[in-house]
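Trainee: Sharing a structure below in structure tokens format, with a few things to ask.
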Amino acid sequence: MTSLTKKTYEPLNEKTAINLIKELNLFNVHSELMCKEIGDGNLNYVFQITDALTGKRMIIKQALPYAKVIGESWPLTLKRATIEANVLKKHGEFVPTLVPKVFVTDEELAFTIMEDLSHLTVAREGLINGESYPKLSTHIGEYLAKTLFYTSDFALHPFDKKQLVREFSNPELCKITEDLVFTDPFFKHDSNDFEPELENEVQALWNNQSLKIETAKLKYSFLTEAQALLHGDLHTGSIFASELETKVIDPEFAFYGPIGFDVGQFIGNLIIQAITRDSTNRPAILKHITNTWETFSKTFSELWKKDYIDPYARMEGFENHILQQIFSDTLGFSGCELIRRTIGLAHVKDLDGILEKERRISLKKQTLQLGETLILGRQELKTIQEVIALLENKRV
Ligand code: SR1
Ligand code: MG
């Protein structure tokens, strides 16, 4: 592969993206390249390059030096592009079929060229349109168990693990999560965004001291517990899916954090989707919630028995203690996700896409209420079936 002549960062456009691909000789010299910017996320450019002659495609993802959703007033490190590419490669060692292939990455120009996934749909979009993706929770349960177990102290020599903790230090992106997930939605803050009809519920939430103490504990866990290399933003918009395939994308928020955070964000987003569904279509999502936890915990437990070789590994009760801790963290982090997606800065289409106002507000009240219940009840709720029972009691 040729190395690049130009090494000064500049945001790409559809023309320079094609030039870049040509310079890297990633397509046949006779190809007829077309390019389209398709990024719909909050932070980056995503260019899809297609050879009109063969249909071959690739994606160039480039980080911008600021958050696209806000603009240049919110500067953001370009280093996240390298973190993202390196996490895709690291997680790809354990779940090669569940992440996109990375072809080229360049730290200075902050881009990664990777496999095109346009034969799949963004899971959030599909779920909103009533898809149920039968393999989704089995794949994500396996993704979670393998990526989290194999990057943790349960599988790694302590020197190797601590080297990875250093390599994946990601303070700026973590700060976004610390603010947008754990702090701002729980206080009166400019970044919050909610309908006036939710004012009473939001005021009650801000005045709920027990809820705030429990959220402070979860935030502290996020800040301090370097358990495994997390994806860091595992919502259903970070997943491409079809009936048969699942691919996890966008791990730019990756860092060493508490295992339950990834599990909780995914389950939290499924819970939001479940809340929006009527009683006929809800069971498919409830099944996914149960199956995510069951696949995760079963696979994690198998890996523990197979590959955890510490003298303490077989101590009666230790594995169970860890899984129970991950479970209560999962519920707490899910609860934070429900609340921040309802009243914080970054909303989700599952809720905001509901045009009928009365219904939207009623569902948002439910997500807020369930978010509180999960945060406050996370130690008492011992099984995923108890969480499902809470959801089954909801009526749309
Ligand atoms: C400014 S970034 C807002 C949100 O988008 C990302 O996907 C993360 O979820 C972040 O919290
Ligand atoms: Mg993202």
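Each reported figure results from applying straightforward, stated rules to the coordinates on display, with no laboratory input. Here the structure is a predicted model, which means the values were calculated and not measured. All Cβ positions, even for glycine, are placed from backbone atoms using ideal geometry, and neighbour counts span all protein chains on display.
Trainee: Return one number: the angle in degrees, 0 to 90 and rounded to the nearest 10, between the long axis of the Cα atoms of helix 209-224 and the longest principal axis of the Cα atoms of the chain.
Mentor: 40
Trainee: Provide the net charge surrounding residue 218, with neighbours chosen by a C-beta distance below 10 Å and charges set as Lys +1, Arg +1, Asp -1, Glu -1.
Mentor: On the way: positive: 217, 219, 378; negative: 214, 329.
Neighbour charge sum, excluding residue 218 itself: +1.
Trainee: Report, in degrees rounded to the nearest 10, the 0 to 90 angle that the Cα long axis of helix 136-150 makes with the longest principal axis of the chain.
Mentor: 80
Trainee: On average over all directions, what projected area in square nanometres does the chain have, based on the convex hull of its Cα atoms?
Mentor: Value for the chain: 20.1 nm².
Trainee: Okay, next question. State, to one decimal in nm, how far the label point of residue 89 lies from the label point of residue 279, with both points 7 Å from Cα in the Cβ direction.
Mentor: 5.3
Trainee: Separate question: Ordered by residue, what ³J(HN,Hα) values in Hz, to whole numbers, does the range 259-275 give under the Karplus form 6.51 cos²θ - 1.76 cosθ + 1.60, where θ = phi - 60° and Gly and Pro are x?
Mentor: Per-residue couplings from phi come out as 3, x, 5, 5, 4, x, 5, 5, 4, x, 5, 5, 4, 4, 4, 4, 4 Hz.
Trainee: Could I ask something else about it? Would you mind putting 292-302, 345-355 in packing order, based on average other-beta-carbon counts within 10 Å, highest first?
Mentor: Numbers: 292-302: 19.9, 345-355: 16.7.
In descending order of packing, they fall as 292-302, 345-355.
Trainee: Per 5 Å bin from zero, what fraction in whole % of the C-alpha pairs of the range 55-118 is there, up to the bin with the longest pair?
Mentor: Computed distribution, short to long bins: 4, 18, 23, 21, 18, 11, 4, 1.
Trainee: Taking the mean number of other Cβ atoms within 10 Å as a proxy for protection, how do you rank 333-339, 174-180 from highest to lowest? Before the final figure, lay out the partial values.
Mentor: On the way: 333-339: 28.0, 174-180: 17.3.
Highest-to-lowest ranking by the protection proxy: 333-339, 174-180.
Trainee: Follow-up question, since we're still on this one. For the range 316-396, list log₁₀ I(q)/I(0) at each q in 0.16, 0.18, 0.19 Å⁻¹, using the Debye formula over Cα point scatterers of equal strength and ignoring solvent, two decimals each.
Mentor: Treating every Cα as an identical point scatterer, log10 I(q)/I(0) equals -0.65, -0.78, -0.84.
Trainee: For n ≥ 4 DSSP H runs only, could you compute -39500 (n - 2.57) per run for the chain, divide by its residues and tell me the 222 nm figure to the nearest 500?
Mentor: -15500 deg cm²/dmol
Trainee: Among 188, 146, 364, which comes first, then next, by fewest other beta-carbon atoms within 10 Å?
Mentor: 188, 146, 364
Trainee: Still on this model: Using the basic label-point model (7 angstrom from Cα toward the beta carbon), what is the residue 7 to residue 132 distance in nanometres?
Mentor: Here the answer is 5.5 nm between the modelled labels.
Trainee: Okay, next question. What is the gain in length, in nm to one decimal, between residue 302 and residue 224 on full extension, counting 0.36 nm per residue of separation less the C-alpha to C-alpha distance?
Mentor: Working it through step by step, the gained length comes to 25.4 nm.
Trainee: Stretched out fully, how many nm does the piece from residue 357 to residue 379 gain, at 0.36 nm a residue minus the Cα gap?
Mentor: Result for the pair: 4.5 nm of gain on full extension.
Trainee: What shape does the range 190-303 have by the C-alpha gyration tensor, where a ≥ b ≥ c are the square roots of the eigenvalues, rounded means a/c under 1.5, and otherwise prolate means a/b greater than b/c and oblate the rest?
Mentor: Since a/c reaches 1.5 but b/c is at least a/b, the shape of the range 190-303 is classed as oblate.
Trainee: Divide the volume of the convex hull of the Cα atoms of the range 152-233 by its number of residues and quote the answer in cubic angstrom per residue.
Mentor: Given the Cα convex hull of the range 152-233, per-residue volume reads 103 Å³.
Trainee: Still on this structure, I have one more. Give the angle, between 0 and 90 degrees and rounded to the nearest 10, that separates the Cα long axis of helix 79-94 from the longest principal axis of the Cα atoms of the chain.
Mentor: 80
Trainee: Over all distinct Cα pairs, what is the inverse of the mean 1/r for the range 1-120, reported as the Kirkwood hydrodynamic radius in Å? Before the final figure, lay out the partial values.
Mentor: Values: mean 1/r = 0.0671 Å⁻¹.
Value: 14.9 Å, from the Cα pair sum.
Trainee: Considering the convex hull of the alpha carbon atoms of the range 241-396, report its projected area averaged over all viewing directions, in nm², one decimal. Numbers along the way, then the final one.
Mentor: Working: hull surface 43.2 nm².
Projected over every direction and averaged, the Cα hull of the range 241-396 covers 10.8 nm².
Trainee: Using the basic label-point model (7 angstrom from Cα toward the beta carbon), what is the residue 118 to residue 19 distance in nanometres?
Mentor: The modelled label-to-label distance comes out at 2.3 nm.
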